[in-house]
Amino acid sequence: MPATVVVGTQWGDEGKGKLTDLLASEMDVVVRYQGGHNAGHRVVVGSEEFTLQLVPSGVLYSHITPVIGNGVVVDPAVLLEEIDALNARGVDTSKVVVSGNAHLVMPYHQELDRVTERYLGKNSLGTTRRGIGPAYADKAARVGLRVQDLSDPKIFRQKLDVVLKEKNALLAKVYNRLPLAADEIAGRYLEEYAPRVVPMVADTVDLLHRSLEAGRHVLLEGAQATFLDVDHGTYPFVTSSNPVAGGACTGSGLGPRQIDRVIGIAKAYVTRVGSGPFPTELDDDIGDLLVERGHEFGTNTGRRRRCGWFDAVMLRQAVRLNSLSEIALTKLDVRDTFERVKVCVAYECDGERFDYVPYHQSTLHRVVPVYEELPGWLTDLSQATSLADLPQQARDYVALLAEEIGVPVRLVGVGPGREQFVSFASV
Ligand code: GDP
């Protein structure tokens with residue numbers, strides 16, 4: 001049984017949580033493959049809203065095994081807090097499984113994330129300051145501590161002592177901060193966290209392969225999004241991992257031939273948090289209206305998101321980068337009050353036309369979007385349940401997007417609720 005990947009196609013917050021929720025009934029295993037607790041998925045189940053940062057959203061369904069894959073970086077304090085909060089709301093978390101190869105976010109990662117951002121001043125990256133980037137940096141530098149080290153106190157302590165010596169020198173000599181105490185960190189991780197985290201640790205590669213062999217459905221859930229990818233995004237204003245569908249393989253231990261469906265999620269407009277190029281950005285009343293109607297404030301940080309017109313150039317690039325098989329379009333309802341709607345179908349720069357995102361970022365900063373304009377539908381879509389309920393203008397808008405992107409739009413979101421979507425199989 002092949003696996004399915006769900007990936008954000010823009011700069012995040014496209015509504016991945018809701019799509020996972022929609023697909024949950026068909027799935028047996030849901031895997032997070034990258035990122036850490038810098039992600040924030042909001043899922044509405046019935047009348048309840050849940051915000052999940054680290055635990056895969058599959059946890060909200062009793063038939064699903066939620067897996068935190070090897071590509072994720074895990075802050076055990078956050079993991080346990082999230083589990084306690086879910087338990088307090090009656091959610092069973094006993095099936096959560098964590099890869100022993102996932103890396104740990106350590107206190108010095110958080111400290112370094114904070115001080116380096118401050119040190120960079122106006123050039124700061126706008127990270128969530130939760131230690132995710134420094135944890136991935138240590139993974140690549142091969143000085144990281146892994147979840148499996150929690151079950152071997154001797155190894156844990158040896159690795160901690162080596163790495164902390166260097167981190168403390170950095171904190172004290174470069175950033176003028178107090179050193180961190182190895183005893184305190186080891187005590188917390190080994191005595192407080194390990195007894196609760198170690199029982200969740202398993203060979204997740206084996207679990208996933210056996211699941212597929214047994215004909216079970218596996219969903220790989222990306223955090224952040226394509227244009228925040230450390231390789232393919234708008235570097236350096238990116239995350240420190242690979243949200244693109246290829247990351248689902250490295251971050252879970254499945255091979256590319258085990259994935260046969262890649263669903264890209266896109267908002268019916270574009271949003272971005274923090275700095276970085278954004279060709280279709282709207283710095284006007286229309287942008288404010290999108291913020292207001294779309295509640296465009298960060299799940300984790302509360303930061304106001306920048307908003308702009310739908311960008312088919314980005315989406316075409318996302319189709320290539322992820323081999324998308326289809327699109328799920330969210331938040332079409334946010335557009336309900338617009339008299340006219342625009343879609344960016346190409347970029348222009350110095351007389352050259354771009355159908356894909358230019359590789360040189362200096363060009364991307366200077367491109368001018370080429371828009372196609374359509375009439376709005378000026379109708380409340382929130383009650384629509386079938387294609388027939390959508391006004392012709394809304395259907396035309398979706399059809400134009402599908403044509404420009406080159407893959408079908410299969411689902412269209414018309415509100416935050418689980419039932420608020422329209423199946424668009426014919427586009
Ligand atoms: P994620 O990180 O990609 O899951 O995105 P967020 O957690 O930021 O979710 C996006 C928000 O949009 C959540 O509050 C969802 O409930 C909401 N949402 C998802 N789909 C739709 C939709 O079709 N219409 C509206 N109005 N809201 C939606």
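Here are the numbers:
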| read-out | value |
| --- | --- |
| All positions within the range 177-204 that are under 17 Å from THR65 (Cα atoms) and assigned to a loop (DSSP other than H, G, I, E, B) | ASP203 |
| Within the range 205-229, tally of residues that are assigned to a loop (DSSP other than H, G, I, E, B), surrounded by 20 or more Cβ atoms within 10 Å (Cβ to Cβ) and of a type outside the set (A, V, I, L, M) | 3 |
| Residue in the range 77-95 that is within 16 Å of the ligand (Cβ to nearest atom), touching an Asp or Glu at 6+ places or on another chain (Cβ under 6 Å) and not in a strand (DSSP E or B) present | no |
| First in the range 395-419 and more than 29 Å from PHE354 (Cβ to Cβ) and touching a residue at least 40 places away in the same chain (Cβ under 8 Å), second anywhere and within 16 Å of the ligand (Cβ to nearest atom) and of a type in the set (Ser, Thr, Tyr), Cβ under 8 Å, 6 or more apart | VAL414/SER382; GLY415/SER382 |
| Within the range 31-50, considering residues that are of a type in the set (A, V, I, L, M, F, W, C) and within 13 Å of the ligand (Cβ to nearest atom), the one surrounded by the most Cβ atoms within 10 Å (Cβ to Cβ) | ALA39 |
| Yes/no for GLU26 being away from the ligand (no atom under 13 Å from the Cβ), surrounded by fewer than 16 Cβ atoms within 10 Å (Cβ to Cβ) and in contact (Cβ under 8 Å) with a residue 24 or more places away in the chain | yes |
| Given (1) at pLDDT below 95; (2) in contact with a strand residue (DSSP E or B) (Cβ under 9 Å, 6 or more places away or on another chain); (3) not polar (S, T, N, Q), number of the condition ILE327 does not satisfy | (1) |
| Any hit, the range 3-23, residues being β-branched (Val, Ile, Thr), in a strand (DSSP E or B), away from the ligand (no atom under 11 Å from the Cβ) and crowded, with 24+ Cβ neighbours inside 10 Å | yes |
| Filter result (away from the ligand (no atom under 16 Å from the Cβ), in contact (Cβ under 8 Å) with a residue 60 or more places away in the chain and not in a loop (DSSP other than H, G, I, E, B)) within the range 258-304 | GLN258, ILE259, ASP260, ARG261 |
| Strands (runs of 3 or more DSSP E) (entirely within the range 310-427) containing at least 1 residues that are within 16 Å of the ligand (Cβ to nearest atom) | 326-330, 340-349, 409-413, 421-423 |
| Count of the range 286-303 residues which are within 15 Å of VAL334 (Cβ to Cβ) and surrounded by fewer than 19 Cβ atoms within 10 Å (Cβ to Cβ) | 8 |
| Condition check for TYR397: buried (at least 16 other Cβ atoms within 10 Å of the Cβ) and touching a Leu at 6+ places or on another chain (Cβ under 6 Å) | yes |
| Close pairs (8 angstrom Cβ cut-off, 6 or more residues apart or separate chains): over 20 Å from ASN176 (Cβ atoms) in the range 119-134, modelled with pLDDT under 75 and part of a loop (DSSP other than H, G, I, E, B) anywhere | THR128/ASN300; THR128/THR301; GLY133/LEU125; GLY133/THR127 |
| In the range 81-94, the residues that are of a type outside the set (Ser, Thr, Tyr) and either touching a His at 6+ places or on another chain (Cβ under 9 Å) or surrounded by fewer than 16 Cβ atoms within 10 Å (Cβ to Cβ) (or both) | GLU81, GLU82, ASP84, ALA85, ASN87, ALA88, ARG89, GLY90, ASP92 |
| Number of positions in the range 26-62 that are part of a strand (DSSP E or B) and either in contact with a Phe, Trp or Tyr (Cβ under 8 Å, 6 or more places away or on another chain) or of a type outside the set (Lys, Arg) (or both) | 14 |
| Scope the range 177-194; condition farther than 12 Å from PRO107 by Cα, of a type outside the set (A, V, I, L, M, F, W, C), touching a helix residue (DSSP H, G or I) at 6+ places or on another chain (Cβ under 9 Å) and exposed (fewer than 14 other Cβ atoms within 10 Å of the Cβ); matching residues | GLU192 |
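Table: residues versus (1) farther than 22 Å from PRO199 by Cα; (2) away from the ligand (no atom under 16 Å from the Cβ); (3) touching a helix residue (DSSP H, G or I) at 6+ places or on another chain (Cβ under 6 Å).
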| residue | (1), (2), (3) |
| --- | --- |
| ILE64 | no, yes, yes |
| VAL67 | no, yes, yes |
| VAL72 | no, no, no |
| ASP75 | no, yes, no |
| MET106 | no, yes, no |
| HIS109 | yes, yes, yes |
| LEU112 | yes, yes, yes |
| ARG118 | yes, yes, no |
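Conditions (1) assigned to a loop (DSSP other than H, G, I, E, B); (2) surrounded by fewer than 17 Cβ atoms within 10 Å (Cβ to Cβ); (3) among the aliphatic types (A, V, I, L, M), marked per residue:
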position	(1), (2), (3)
VAL115	no, no, yes
ARG130	yes, no, no
ASP149	no, no, no
ALA172	no, yes, yes
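Here is a yes/no grid of residues against (1) within 13 Å of the chain's Cα centre (by Cα); (2) modelled with pLDDT under 90:
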| position | (1), (2) |
| --- | --- |
| VAL5 | yes, no |
| GLU14 | yes, no |
| VAL44 | no, yes |
| GLU49 | no, yes |
| ASN87 | no, no |
| VAL91 | no, no |
| VAL98 | no, no |
| LEU104 | no, no |
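The values are calculated or read from the model by the stated rules, or taken from the named source; none is laboratory data. As the structure is a prediction and not an experimental result, all values here were calculated from the model. Reconstructed Cβ throughout: ideal geometry from the backbone, glycine too, with neighbour counts over all protein chains shown.
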